[in-house]
Amino acid sequence: MTMTLTQQIITIAICVLGTMATRFLPFLIFSTKKPTPKYVQYLGKALPAAIFGMLVIYCLKDVSILTGSHGLPEALSILAVVGLHLWKRQMLLSIAGGTICYMLLVQLVF
């Protein structure tokens, strides 16, 4: 089922409004004159690690070590991510390096 031009425009507008609302809302709710509440500071520290943990579990949930490539591309890519992170301490570099490593292993080796 294809979307009409009007439906496409409405969908894009809703996505733009949703993105703008999530970007601007914190600045409207929390003024610079008052300190940020402690629970928001806690969430800012705890949620990034929790989200990355959830992403790791999600990415590895369908890996079968008993069939196919036996999870070797995934394991090698995890080692690449950990190695890059310990070496450079740059999250984006670690994520990009692990992704590139995985894609190369899946496309060219396994």
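What the table shows:
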quantity	calculated
Kirkwood Rh in Å, taken over segment 9-110 so that all alpha-carbon pairs contribute	17.1
Between helix 38-60 and the chain: long-axis angle, C-alpha atoms, 0 to 90°, nearest 10	30
Structure-based [θ]222 nm, the chain - -39500 (n - 2.57) summed over DSSP H runs of at least 4, per residue, nearest 500	-24500 deg cm²/dmol
Solvent exposure ordering (accessible area, 1.4 Å, most first) of Tyr39, Tyr102	Tyr39, Tyr102
Phi-based couplings in Hz for segment 13-20 (Karplus 6.51, -1.76, 1.60; Gly and Pro marked x)	4, 5, 5, 5, 5, x, 5, 5
Gyration tensor (alpha-carbon) shape descriptor, segment 1-58, a/c threshold 1.5	oblate
Leu108 paired with Ile57, simple spin-label distance in nm, labels 7 Å along Cα-to-beta-carbon	3.4
For segment 20-99, with +1 on Lys and Arg beta carbons and -1 on Asp and Glu, the positive-most of Tyr58, Pro48, Thr36 along the dipole	Thr36
Where segment 1-108 is the region considered: accessible area per residue in Å², 1.4 Å probe	86
Sites Met91 and Phe30, calculated FRET efficiency, Cβ-Cβ separation with R0 22 Å, nearest 0.05	0.35
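The values are calculated or read from the model by the stated rules, or taken from the named source; none is laboratory data. All values reported here derive from a predicted model rather than from experimental measurement. Neighbour counts run over all protein chains shown; Cβ positions are idealised from the backbone, glycine included. Side chains included, ligands, DNA and RNA excluded: accessible areas come from the protein's heavy atoms. Shrake-Rupley method; radii C 1.70, N 1.55, O 1.52, S 1.80 Å.
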